[in-house]
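Written below as structure tokens is the structure these notes are about.
The values are calculated or read from the model by the stated rules, or taken from the named source; none is laboratory data. This is a predicted model, so every value here is computed, not measured. Neighbour counts run over all protein chains shown; Cβ positions are idealised from the backbone, glycine included.
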């Protein structure tokens with residue numbers, strides 16, 4: 001296959017013998033590199049190289065002014081806006097949101113040589129009509145709104161004058177200036193031959209420049225278009241060149257140079273649907289492996305074209321290691337590096353700091369950043385981890401600088417990151433620069449060269465910001481600084497080093513202009529990506545754009561269509577990948593370009609359509625099983641001798657693996673800050689409060705007067721135990737304040753219930769938070785087994801002993817009533833009944849009795865009163881026996897022994913239960 005550029009160079013070399021007289025102008029710099037290589041292949045002797053320009057560089061050469069960076073444009077535009085706007089003005093942060101859109105509009109106005117005064121006059125009239133009413137008088141807000149639109153022409157002219165005075169311009173201004181200076185350029189280039197190659201969509205300025213040079217100098221233009229698209233009156237791939245055919249005198253006289261007939265040749269085209277972006281990257285890796293194994297030389301003329309450039313990183317990770325040569329035309333965005341988020345988080349911390357300090361969540365995220373962990377670790381101690389644990393342990397929901405410094409004993413890196421006083425933009429930038437230097441020292445020890453390269457680029461970026469802060473006083477708040485940081489960051493890339501003409505090529509859609517490959521792999525061919533859809537990021541309405549000849553989504557779609565089909569023209573093998581699982585962020589359904597291709601009769605025998613998905617094997621969940629080896633049995637024996645608690649045994653009944661993790665291995669839940677009071681913390685506070693309020697009644701009978709005194713102390717006691725259990729958490733507002741009031745109401749309602757009972761009954765408090773234990777006699781085991789626990793309350797109710805367990809959660813009578821004794825150690829639904837019997841069994845060991853009662857007080861079901869343990873002959877029966885006597889305790893002892901033997905049996909594994 002001969003590429004388009006090689007064909008053009010071959011024809012030019014036949015026509016012209018002196019290359020030093022030629023000036024090649026192409027759409028992109030990359031096309032210029034390939035053109036230079038094609039010239040090298042065709043010439044047989046040493047010659048002076050021709051001048052080769054991209055169109056942007058060529059126009060700047062004609063205009064004799066340089067391109068301003070986007071940041072320079074934004075700053076200059078704000079300075080002009082600030083000088084023209086009277087009264088209330090937007091901050092730089094607010095301005096940057098709409099200033100970018102205005103820059104794009106100014107750029108298009110100049111690139112298309114529009115009469116700006118006429119356009120802005122129409123635009124302000126449209127805005128006035130939109131708020132016009134024949135009856136209502138304009139408000140001040142309306143007047144200010146219209147004033148802004150009426151000043152746009154002044155803003156435009158002043159902005160352009162300011163840039164020209166500095167010898168720079170935005171792209172549109174450079175193009176308009178080039179048109180104005182074109183006559184002078186023509187005078188100096190009469191001996192030169194201009195060759196324009198591979199253009200398609202041209203703005204008005206480019207069209208005027210090229211046509212003028214074609215008409216007045218020795219010049220030629222070669223179009224990269226297939227006859228198939230050119231002769232189809234409705235095919236968008238030939239949309240622009242058909243328009244040029246109608247309007248350009250040069251084309252009417254000389255015809256279309258460069259047209260080809262490759263598209264209808266036989267090709268192998270595969271349209272492949274792949275779920276999600278990462279799967280697309282993996283599939284690209286699979287295709288490359290297949291190509292490499294089939295014919296290694298194929299990869300030398302293969303391109304992976306990314307419809308969505310964010311796929312670069314996963315694509316790089318998916319390239320097979322056996323492929324030696326890879327060239328990447330696009331840079332890796334600095335914003336995608338892990339270091340970018342560190343500075344974003346740092347700046348956001350100070351934007352969101354309030355009078356109480358920092359909210360714990362963003363601070364914990366910042367401390368968890370891998371680079372911060374590198375900085376705050378000396379090999380033995382990790383200050384970041386220690387500080388995170390301190391925040392969680394002490395339940396700090398808001399953290400001040402003082403707390404951080406005291407917790408870390410004024411660690412220098414912590415003092416660098418967290419400081420009191422005003423966090424001005426200049427202060428924050430200097431802190432970022434110091435942070436970079438500290439990180440450099442830490443990373444130098446680990447010899448992480450890539451990370452050090454990141455740091456160098458960020459050091460350069462923050463120095464640039466520092467310089468801008470010195471030049472422009474209007475960046476005076478943290479949000480403006482963050483906006484500037486993101487603005488500069490998005491334009492920065494890390495360039496890959498490689499040989500641009502060798503090996504597998506990875507590029508974006510625009511980089512593929514004028515380049516031809518035998519094998520093309522194109523990703524993300526989804527609607528909303530290729531083409532990008534009906535986006536309208538402009539202040540100029542659609543109808544006004546149409547009237548003035550400015551491009552709309554129709555023209556932008558035609559540009560994508562041309563690039564898409566141009567890639568297919570000379571290619572022999574084409575793989576079009578699209579995402580079968582689209583969402584809002586990743587485009588829509590398969591692109592209309594795929595639909596159009598599938599309905600093309602000339603291609604119907606070349607296309608294979610299929611959906612590729614990773615092989616998914618059915619995931620049969622297998623329940624976990626832990627075999628009791630010798631080491632585990634030792635742990636179980638140790639646990640048995642220390643004592644089984646009712647809670648640990650109910651953990652086993654619920655799920656033996658929970659018992660294994662929590663009670664044997666002591667693996668607790670992940671430590672977290674309780675932003676709002678957790679249920680277990682609430683339960684602890686209720687228990688502690690009732691213990692203190694009822695302690696004065698130990699060994700005595702409850703009295704109405706005494707309970708009323710206890711009730712009056714409730715608020716203070718609850719506050720005291722909140723401080724103990726919730727540590728330094730804030731209960732003065734929000735859900736925590738509600739929780740505080742709820743606990744107080746729980747306790748007061750419970751005391752009111754007891755006062756009501758005293759009208760007919762006598763209640764004597766025998767014990768509170770009583771520690772109980774009982775050594776179990778199990779002859780089958782050769783080691784001691786202890787049952788232990790802490791009982792909330794023991795009292796005498798009209799002479800009958802009662803064992804009472806408090807529950808802050810919801811409990812019902814059915815959970816403490818049993819029919820089948822075997823279920824009490826096999827069904828978790830009866831765990832509350834099991835716990836009551838455990839306490840009764842242990843109490844009987846200390847105070848042998850003939851009978852007692854046991855029950856649960858559920859604070860969420862307090863109206864039901866005490867929910868007593870009971871046995872029934874069958875479910876639903878109203879005949880209940882609430883007495884716990886010798887017979888009941890004997891039956892429970894038998895079931896408890898079975899449960900303990902099962903736990904301690906080496907041949908019975910710990911098997912997971914489905915919950």
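Numbers for the structure displayed
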quantity: Index of the failed condition, residue 565 passing every other in (1) touching a strand residue (DSSP E or B) at 6+ places or on another chain (Cβ under 8 Å); (2) closer than 29 Å to residue 106 by Cβ; calculated: (2)
quantity: Subset of the stretch 76-96 that is free of Cβ contacts under 8 Å to residues at least 60 places away in the same chain and part of a helix (DSSP H, G or I) - its residue that is surrounded by the fewest Cβ atoms within 10 Å (Cβ to Cβ); calculated: 94
quantity: Residue ID - farthest from residue 477 (Cα to Cα), chosen from residues in the stretch 434-451 that are within 26 Å of the chain's Cα centre (by Cα) and modelled with pLDDT of 90 or more; calculated: 439
quantity: Residues being crowded, with 18+ Cβ neighbours inside 10 Å and without any contact (Cβ under 8 Å) to a residue 24 or more places away in the chain - total across the stretch 1-43; calculated: 1
quantity: Residue 266, sole failed condition from (1) surrounded by fewer than 20 Cβ atoms within 10 Å (Cβ to Cβ); (2) in contact with a helix residue (DSSP H, G or I) (Cβ under 9 Å, 6 or more places away or on another chain); (3) in a loop (DSSP other than H, G, I, E, B); calculated: (2)
quantity: Every residue from the stretch 187-200 that is surrounded by fewer than 19 Cβ atoms within 10 Å (Cβ to Cβ) and in contact with a helix residue (DSSP H, G or I) (Cβ under 7 Å, 6 or more places away or on another chain); calculated: 191, 192
quantity: Checklist (1) touching a strand residue (DSSP E or B) at 6+ places or on another chain (Cβ under 7 Å); (2) more than 29 Å from residue 173 (Cα to Cα) applied to residue 13, failing item; calculated: (1)
quantity: Top-ranked residue in the stretch 513-542 [being outside any loop (DSSP other than H, G, I, E, B) and touching a residue at least 24 places away in the same chain (Cβ under 8 Å); ranked as surrounded by the most Cβ atoms within 10 Å (Cβ to Cβ)]; calculated: 523
quantity: Flag if residue 772 is assigned to a strand (DSSP E or B), surrounded by fewer than 18 Cβ atoms within 10 Å (Cβ to Cβ) and in contact (Cβ under 8 Å) with a residue 60 or more places away in the chain; calculated: no
quantity: Top-ranked residue in the stretch 322-337 [being in contact (Cβ under 8 Å) with a residue 60 or more places away in the chain and within 17 Å of the chain's Cα centre (by Cα); ranked as nearest to residue 300 (Cα to Cα)]; calculated: 333
quantity: Evaluation of residue 285 against (1) surrounded by fewer than 16 Cβ atoms within 10 Å (Cβ to Cβ); (2) in the same structural domain as residue 312 (by TED's automatic domain parsing) (one fails), failing number; calculated: (1)
quantity: Qualifying positions in the stretch 615-638 - in a loop (DSSP other than H, G, I, E, B), surrounded by 10 or more Cβ atoms within 10 Å (Cβ to Cβ) and under 38 Å from the mean Cα position of the chain (by Cα); calculated: 623, 624
quantity: Residue selected from the stretch 819-835 under the condition free of Cβ contacts under 8 Å to residues at least 60 places away in the same chain and more than 49 Å from the chain's Cα centre (by Cα), by the criterion surrounded by the most Cβ atoms within 10 Å (Cβ to Cβ); calculated: 819
quantity: Cross-chain or 6+ apart pairs with Cβ under 8 Å, the stretch 634-651 first and free of Cβ contacts under 8 Å to residues at least 40 places away in the same chain, then assigned to a helix (DSSP H, G or I) and surrounded by fewer than 18 Cβ atoms within 10 Å (Cβ to Cβ); calculated: 648/662; 651/662
quantity: Residue selected from the stretch 474-512 under the condition assigned to a loop (DSSP other than H, G, I, E, B) and out of contact with any helix residue (DSSP H, G or I) (no Cβ under 8 Å at 6 or more places or on another chain), by the criterion nearest to residue 460 (Cα to Cα); calculated: 495
quantity: Residue identified as surrounded by 15 or more Cβ atoms within 10 Å (Cβ to Cβ) and without any contact (Cβ under 8 Å) to a residue 24 or more places away in the chain among 372, 349; calculated: 349
quantity: Residue list for the stretch 376-417, filter: more than 18 Å from residue 358 (Cβ to Cβ) and at pLDDT 90 or above; calculated: 412
quantity: Pair list, Cβ < 8 Å and 6+ apart or interchain, from the stretch 681-706 residues that are closer than 21 Å to residue 757 by Cα to residues that are modelled with pLDDT of 95 or more and crowded, with 21+ Cβ neighbours inside 10 Å; calculated: none
quantity: Scope the stretch 214-236; condition in a helix (DSSP H, G or I) and in contact with a strand residue (DSSP E or B) (Cβ under 8 Å, 6 or more places away or on another chain); matching residues; calculated: 214, 227
quantity: Close pairs (6 angstrom Cβ cut-off, 6 or more residues apart or separate chains): within 12 Å of residue 347 (Cβ to Cβ) in the stretch 410-434, assigned to a helix (DSSP H, G or I) anywhere; calculated: 423/350; 425/469; 425/481; 429/462; 429/465; 429/466; 432/343; 432/462
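The rows are residues; the columns are (1) in the same structural domain as residue 518 (by TED's automatic domain parsing); (2) in contact with a strand residue (DSSP E or B) (Cβ under 8 Å, 6 or more places away or on another chain); (3) in contact (Cβ under 8 Å) with a residue 12 or more places away in the chain; (4) surrounded by 19 or more Cβ atoms within 10 Å (Cβ to Cβ).
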{"position": "273", "(1), (2), (3), (4)": "yes, yes, yes, yes"}
{"position": "276", "(1), (2), (3), (4)": "yes, yes, yes, no"}
{"position": "291", "(1), (2), (3), (4)": "yes, yes, yes, yes"}
{"position": "297", "(1), (2), (3), (4)": "yes, no, no, no"}
{"position": "302", "(1), (2), (3), (4)": "yes, yes, yes, yes"}
{"position": "307", "(1), (2), (3), (4)": "yes, yes, yes, yes"}
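One line per residue, one yes/no per condition, for (1) within 43 Å of the chain's Cα centre (by Cα); (2) over 14 Å from residue 569 (Cβ atoms); (3) at pLDDT below 95:
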{"residue": "197", "(1), (2), (3)": "yes, yes, no"}
{"residue": "205", "(1), (2), (3)": "yes, yes, no"}
{"residue": "209", "(1), (2), (3)": "no, yes, no"}
{"residue": "213", "(1), (2), (3)": "no, yes, no"}
{"residue": "221", "(1), (2), (3)": "no, yes, no"}
{"residue": "228", "(1), (2), (3)": "no, no, yes"}
{"residue": "233", "(1), (2), (3)": "no, yes, yes"}
